[in-house]
1. Over chain B, with the other protein chains present, what is the accessible area per residue in square angstrom, probe 1.4 angstrom?
2. For helix A:82-97, what angle does its Cα long axis make with the longest principal axis of chain A, in degrees from 0 to 90 and rounded to 10?
3. I want the local charge near A:LEU167. Using Cβ-Cβ distances under 9 Å, sum +1 for each Lys or Arg and -1 for each Asp or Glu among the other residues.
4. If B:ASP222, A:ASP155, B:ASP314 are ordered by their accessible area, calculated over protein heavy atoms with a 1.4 Å probe, which sequence runs from highest to lowest?
5. Could you please report the charge total around B:GLU120, scoring K, R as +1 and D, E as -1 over all other residues with beta-carbon less than 12 angstrom from its beta-carbon?
6. Can you list, largest first and rounded to whole Å, the semi-axes you get for region B:178-292 by taking the square root of 5 times each eigenvalue of its Cα gyration tensor?
7. Total accessible area buried between chains B and A, 1.4 Å probe, in Å² to the nearest 100?
8. Kindly sort A:GLU146, A:GLU179, A:GLU213 by accessible area of their heavy atoms, largest first, with the probe set to 1.4 Å.
2 protein chains.
Amino acid sequence: MSTTGEGPYRPTMSDVARVAGVSLKTVSRVVNHVPTVDPTLAERVLAAVSELGFRRNDLARSLRSRSTSGTVGLLIEDLANPFYSTMAAGAAQCALEHDTMLITASSEEDGERERTLLLEMCERRVGGLLVVPAGADQTYLRAEIEVGTPVVFLDRPPTNLRADAVLIDNGQGARSAIEYLLARGHERIGVLSDWLRIYTMRERLSAAEAALERAGVPYRPDLIRDGLHTVPETQAAVQRMLDSPNPPTALFALNNRLTLGALGVLNRRHSDLMLVGFDDFETAALMPHPLTIVSYDAREMGRVGAELLFRRIDGEGSRPQTVVLPTTLVERSAG
Amino acid sequence: MSTTGEGPYRPTMSDVARVAGVSLKTVSRVVNHVPTVDPTLAERVLAAVSELGFRRNDLARSLRSRSTSGTVGLLIEDLANPFYSTMAAGAAQCALEHDTMLITASSEEDGERERTLLLEMCERRVGGLLVVPAGADQTYLRAEIEVGTPVVFLDRPPTNLRADAVLIDNGQGARSAIEYLLARGHERIGVLSDWLRIYTMRERLSAAEAALERAGVPYRPDLIRDGLHTVPETQAAVQRMLDSPNPPTALFALNNRLTLGALGVLNRRHSDLMLVGFDDFETAALMPHPLTIVSYDAREMGRVGAELLFRRIDGEGSRPQTVVLPTTLVERSAG
């Protein structure tokens, strides 16, 4: 069996079953994400799907195009976090320009919820997915991608899956923050991090540690706190750090929630400890505290990701690409 | 022709056509929002739809329920504004609990865009709509409501349409702000307002003016500025007000964008002019400036609205209701 690529040949699920040497029912179950399929059989089905260029059938297609235009799914971490809602606004604007509506949902940093929401979006026959992944594994999306639903990841790359991603240069951002503080004479730098299972936290923390090491600054585990996911947790950690016998002379907060937590403590203590924070926020310039920000364009990330997704939906078939957006260090407030 | 109410009788489009005395094609055009239908005929069709209790046919229903669950549309003003994204997060949480996905879009305060987006959502057979209206007239939704798509308005009531709405007590909020300032001896109070075509602005401004009048404070048109939609516009207006021969001794900003604009100017001028702002924001407590907020629960507004919508989707047929959420005055920052 061969296909001419451009020709009218359209492989069916039966073709896939024949090539994979499995039953039609097994193909259907793999394509429809039934979780109980034997992994070896699933592999064979996906290989056959890939080889034959199988796509969902025309019935599904016609259902999808019943309305005047399609939908695209957007899964972010939390709609109420300005970083993600700004990213969502960028994606929504691009979707509108493509006469497409956006189905939006929040994973709340829960991998199981991510999986449930994305597969539910796929069942609704979205034209494509924009995803900030929360879980440790995105293998479950492979079948969906193989049958023709493009997926673009935002802010964090997928795990165990080849797909497009739009990221920011976390390493460059963290390095620039540490070098900025070192240049101002700081060596006792407290670093505040969210959960290390979040990709951006791992990238930022390891780049910060590498920059400190390159500068010959001794490693001080008591100045590095990770696992801080809420503002109260962050504030307790900053309090403890400042009350320790050998407190930091500057802080580097790896995301906006951590920056706000630190600012609350510094304000209450009338401390003018130097603070650098990753992620911009609307009121940064109004802060009474000297504040330098590792800034990047969250709206642009949403827009670039959505544009890439629409090119894929329109049939662009090049290999998966990763776009990395730059960061800039900005002195937002002189305090 | 009569219906028993609870019985299995299901009126068809033909029944509607017969009762209205129009062609089937006219009924179809009214139900599907074709804009060129003669208004008198459209009225007759809608009256018949109402009388017969006509609902979209079962084919549409079955298409809607093909996937495991439904969708609901949410139209807000701007996803990147924290007030609206917090409201959206409340609605999204409620939708998830009802196994429903949210299609989200921003009107950007444009009535034409509102209409286009909502009718597009209807064409996708959403189960219902949550709407922050931007335009001056929502008559265009009447046919959709009559054929069984419930609509709940958020933050602003609809115009020329009877439907559910969840609002906040704008009058109480504005009164409490003015009384707070009067009690502290202020009589020259500058009031900053967005476009007066926005319902909440009209409500807040008129309540503020009434409270000043009740207190016997002379009317000073130079201290009232409306039409301020962007931060730069607000900043220019505040500058002018402060540089005038008889400047205000306090400011009342009628939304969060106006509050941030005013704070920027006061910060730059190192002014400690008293400021009260409508709408809470995440970093209010961190402001270097004394700041009192007319606060309310935007997430709750989204949640309450969505819960009301799901009750309507589940068939609750009571008359349209308006829920009004309270505001509280909170001293967020002592500066």
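1. Averaged over the residues of chain B, the accessible area is 42 Å².
2. On a 0 to 90 degree scale, this one is about 40.
3. -2
4. Output order, biggest surface exposure first: B:ASP314, B:ASP222, A:ASP155.
5. 0
6. 19, 16, 15
7. For chain B against chain A, roughly 3500 Å² becomes buried.
8. Heavy-atom accessible area, descending, gives A:GLU213, A:GLU179, A:GLU146.
The values are calculated or read from the model by the stated rules, or taken from the named source; none is laboratory data. As the structure is a prediction and not an experimental result, all values here were calculated from the model. Glycine gets a Cβ as well: all are built from the backbone with ideal geometry, and neighbour counts include every protein chain shown. Just the protein is used for accessible areas: all its heavy atoms, side chains included, with ligands, DNA and RNA removed. Shrake-Rupley method; radii C 1.70, N 1.55, O 1.52, S 1.80 Å.
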